[in-house]
Amino acid sequence: MAERDDKVGSLLADLVRSIQTLVRQELQLAQAEGSEKVNQVMLGAVGIVAGMLIAFAALLVLLEALVVALSHYMDAGWASLIVGVAVAIIGFGLMKYGQSSLKGANLVPERTMKSMRADADLAMEKVR
């Protein structure tokens, strides 16, 4: 009977050690994946800033187009206006790209959550 209790105690101790190791590994995975998500946010922010800078350049070109239109009676102005609109469209596209990178669904640590679910299922099987 005592030998059986020792085996059960040994099994429980092994289970506790395994769970501790598993929790440490999951925390390391979460940290690594969190770092990846921070990088993704940074890239999204860079995209937004780049879009804003290009949109600002478009505003300058559009203002120049207005000046040229008023001073040269539309010929050079229309050319500047076309360039300004094209730059504005590019800037808008870059801002949209940056915004899509910052969506909450893209920032969820999916691999960590999947791994933790699998580990919890495995632990429950071992307990049974």
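The values are calculated or read from the model by the stated rules, or taken from the named source; none is laboratory data. From a predicted model like this one, the values you see are computed outputs, not experimental measurements. Glycine also receives a Cβ, built like all others from the backbone with ideal geometry; neighbour counts cover every protein chain displayed.
Annotation note: Cβ proximity below 9 Å between a residue of segment 77-101 that is farther than 22 Å from residue 38 by Cα and in contact (Cβ under 8 Å) with a residue 40 or more places away in the chain and a residue that is loosely packed, with under 13 Cβ neighbours inside 10 Å and small (Gly, Ala, Ser) (sequence gap 6+ or interchain) occurs for no pair. Annotation note: Cβ proximity below 8 Å between a residue of segment 107-119 that is under 20 Å from residue 42 (Cβ atoms) and at pLDDT 75 or above and a residue that is assigned to a helix (DSSP H, G or I) and not aromatic (Phe, Trp, Tyr) (sequence gap 6+ or interchain) occurs for 111/29; 111/33; 112/26; 112/29; 112/30; 112/33. Out of 35, 80, one residue alone is surrounded by fewer than 11 Cβ atoms within 10 Å (Cβ to Cβ), modelled with pLDDT of 75 or more and assigned to a helix (DSSP H, G or I). It is 35.
Only one residue in 13, 45 is loosely packed, with under 14 Cβ neighbours inside 10 Å and under 16 Å from the mean Cα position of the chain (by Cα). Which one? The conditions single out 45.
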